[in-house]
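Have a look at the structure below before the remarks.
Values quoted throughout were computed directly from the atomic coordinates according to the rules given, and no laboratory measurement underlies them. Remember, predicted model here, so these are calculated numbers, not experimental data. Heads up, the Cβs are rebuilt from the backbone with ideal geometry, glycines too, and the neighbour counts pull from every protein chain shown.
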Amino acid sequence: MKSLPILAPVVACLLIVLTYLLLQGAAPDAARHERTLDALRTVILYNAALQRDVLRARAGLLRSYDPLVRSIENLNEATRRLPAAGDVASGEARADIDRRIAEVIAAVRDEETLVEAFKSDNALLQNSLNYFNYMSGRLTTEGDGLRAVEIGALMIAMSRFISDPRPEAARAVTASLDRLARPSVDAVAASDVLSLVSHGRLIVTRLPAVDDLVSRLQTAPTSERARALQDLYLDVHGRAAARAARFQTLLYVAALVLVGYVAYLFARLRHNARILRERLEFEGLIASISTQFINLPRDRIRAGISKGLARLVEHAGLDGAQIFVSRTYDADLSGGYFYRRPSGSATARLANDLIELASHWTLADHERQGCIDVPRVGELPEGREKACLQAHQIRSWLCIPMWHAEERLGFLALDGVTHEKHWTDDDIALLRTAAEIFANAIARQHNEREREALQARLNQSQRLEAIGTLAGGIAHEFNNILSAVLGYSEMALVVLLKESRARRYVQQIMKAGRRAQDVTEQILAFSRRRERQHHALRVQPVIAEAVDLLRASSPATLAVETHLAAADAAMTGDPTELQQVVMNLGTNAAQAMNSRGLLEIALDMTEIVEAQALSHGNLPAGRYIRLAVRDSGSGMDQATLERIFEPFFTTKPAGHGTGLGLSTVHGIVAAHRGAVDVKSQLGQGTTFEIYFPQIEPASAQADEGECEATEVPVEYGNGETILVVDDDTPLMQLAEEMLAALGYEPVGFNRSPAALNAFSADPGRFDLVLTDEVMPDMTGVELSGKLHEIRSDLPIVLMTGYGRTLRSRQLTAAGISEVIKKPLLSASVAQCLARHLHSG
């Protein structure tokens, strides 16, 4: 270090003088000339090294043949650079140089062949020599008698042969080996002696061949041909340098190379020391970032990631760092994490542009270790990549994909705006480790939030299930009450005068009862206990009809806009319930906008590639029909969103709603194996998206013709005996009176065992059985099964107010011909009985 102030001026003066001398002459390309000379010197140098290593290998001083292999590889590499020597000449001189180059290449190939043969033979020879020395020494020590003397004589003969492998020495060794190979009763093991003789004969055979190979390698003409080529090349090069002295130019080149090499070594040492120090600091930084995420709470992970990015930027001297999280992985985190120096700014446009650029990168020349490395943006070819980076004033960019559980969740991007940054392979490897650390932290944040969301949805589902169970039980009891109200009201209307005041009162009772029945149907729909008739249908005509009804019932101040783009979409469902979904959602939306604004109803088809968790349900992968209802109303907060599907929950004032509209929608969608996704914010309106599983349109067309209902005319009875069973005595009496009014002879029981006993006593007395389903002693299905066992041709009609769906196989096994719903009305009962008693 102290000699640098003195050396620097001397070196500078020498460079100035040599440069002046060089500029005065029109010499050929000095760099190409130097490469050619270097290749020639390499051939000579490595040929000498090869000959030296061959002698060392022959003497057994090499542990392996790797130096020979490296010498051959270096010779081949050097000969590949020799054709450039012909560029300094033309005509006959060029042809002469090309011929000399071909001779050098041929000599190197011959040497390579000799080296391969030498390695094989010398390996056998050295192995035999080692074994021979070892075994002869051991046998001489352990043996006794004549055999030991013979082995000693063999060792002496072999030593003379090895030092001077002449034929006379070979014959002496062979004679000793022959004597030793004769059978003997010596204590020395016969197998060891035979092995010794075998290796001795191999030495006698291989040693002259190996020495011949060594001699041929030592006398190989490679160096002479390379020197001859070098002399010819220098001669040609000297003649080409018309204005410069040959020796001055060569001296300048040699001095320049020497000075440059010394300076390179010095700078390289300092550079390596600095790189090592920076690498240790970088590794410490990565380890520190990793430890800060251990046991870090979820609400502090985002701040921890931002802090880690800031430390990376400060350490690397960059202008900014970003983590872009893919929207497909986590929409809530898709905004990413940013750290920018005060001179920069983090924007959503930057995030969107760079994640799009990284996801669709096409320049393979700028990819290293699976990362995108652009040290100079200005050197990129014209195209989308260069335009995007320059638009954000980025001069240097490194983008590292972030993986977790074999899923790419985003990218870690480091950019330089004020200056360019060149990354080494070691730096990129460490940054990939940092990306894995950030990816694990983001994945943990995502998983914990998903777990909390799933727990909340589970709690909500359990709450809705409990409410649905309660609502189903209430609806059953309420149906029994409505049966009495509507049944007696219907019979009262028959006997009252048409113009009487009492008849008008009873009609109002019937009207109120039917409204109550509609409320019960909605409760049953929510609790999924209403019996449905699902079949294949085309959705668009059903939705269009519901929209027409909605327009007709809406005020003129409400604009209804439709986008029905699923003309061929088909599903399995109930068209009436599907229309009820549209009507309920549309009515709710109109009320949220105070009947003023725009109501949008859209229908389309979508394909879900992987399972998704919606706001109110999970959606498996598959093809779906999506019904969207959007309004521009006041919107809802999160607390309201969590309760909108609870029955009787409403935000309307008392007397302006029952709170069953959305709960009915939820029950219908769940019964159709669908899911609901609700998006709403205060002041920004609400969007309901309903997903129904899609089927092939052909199935809907085939089934639509089959499910057309035919009306059966009402007929009165002719005194047929009907067995009526209902545990609710008033309802049983009501059924008796209703059947009597229709011309039948009813026989009622309020206990299943009593009815079974009466039927068992006289099975032929009854023409039909009308029984309730839910009874304490014996259910209607169980009673029907016992009656069917006694008399298999007896028609049995099951009454139900619970809405529970019974399997057709179960009904058939019990002999049940039909199931009718409560509350019972005379017209429906008459038609049902007529189907089974008067069909003949």
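Once the Cα-Cα distance is subtracted from the 0.36 nm per residue extended length, the Ile820 to Ala405 segment shows a gain of 143.9 nm.
Rounded to 0.05, the FRET efficiency of the Ala106 and His271 pair, given R0 = 51 Å and the Cβ-Cβ distance, is 0.75. Exposure proxy for Leu414, Leu285: other Cβ atoms within 10 Å of each Cβ, ordered fewest to most, give Leu285, Leu414. Computed on the range 534-704, with alpha-carbon pairs under 8 angstrom and 6+ residues apart, the relative contact order is 28 percent.
Across the options Gly383, Ile400, Ala321, the greatest Cα extent toward the positive end of the charge dipole of the range 293-451 (unit charges at beta carbon of Lys, Arg, Asp, Glu) belongs to Ala321. One decimal place: the segment Ala512-Arg63 gains 150.9 nm when fully extended, by the rule 0.36 nm per residue minus the C-alpha distance.
What is the distance in Å between the Cα centres of the range 562-591 and the range 265-297? Cα centroid of the range 562-591 versus Cα centroid of the range 265-297: 62 Å apart. Taking label points 7 Å from Cα along the Cα-to-Cβ direction, Ser634 and His419 give a separation of 5.9 nm. From least to most packed, judged by other beta carbons within 10 angstrom and beginning with the fewest, Val678, Val581, Val325, Val542 follow the order Val678, Val542, Val325, Val581. Here the simple spin-label model places points 7 Å from the Cα toward Cβ, and for Glu224 and Gln393 these points are separated by 7.2 nm. Using 0.36 nm per residue and subtracting the Cα-Cα separation, the extra length available between Arg201 and Ala310 on full extension is 31.7 nm. As a calculated quantity, the FRET efficiency between Arg349 and Ala453 at R0 = 35 Å, using C-beta atoms, amounts to about 0.75. Cβ-Cβ distance of Gln681 and Thr812, R₀ of 45 Å, FRET efficiency by 1/(1 + (r/R0)^6): the value works out to about 0.30. Past the 32 Å Cα-Cα mark, which pairs from Lys307/Lys386; Lys786/Lys822; Lys511/Lys679; Lys511/Lys786? Violating the 32 Å limit, Cα to Cα: Lys511/Lys679; Lys511/Lys786. For the range 721-837, the square roots a ≥ b ≥ c of the C-alpha gyration tensor eigenvalues yield an a/c under 1.5, which makes the shape rounded.
Amide H contacts of Ala675: Tyr691, each under 5 Å away and 5 or more positions distant or on a separate chain (H built 1.01 Å from N in the peptide plane; Pro and chain starts excluded).
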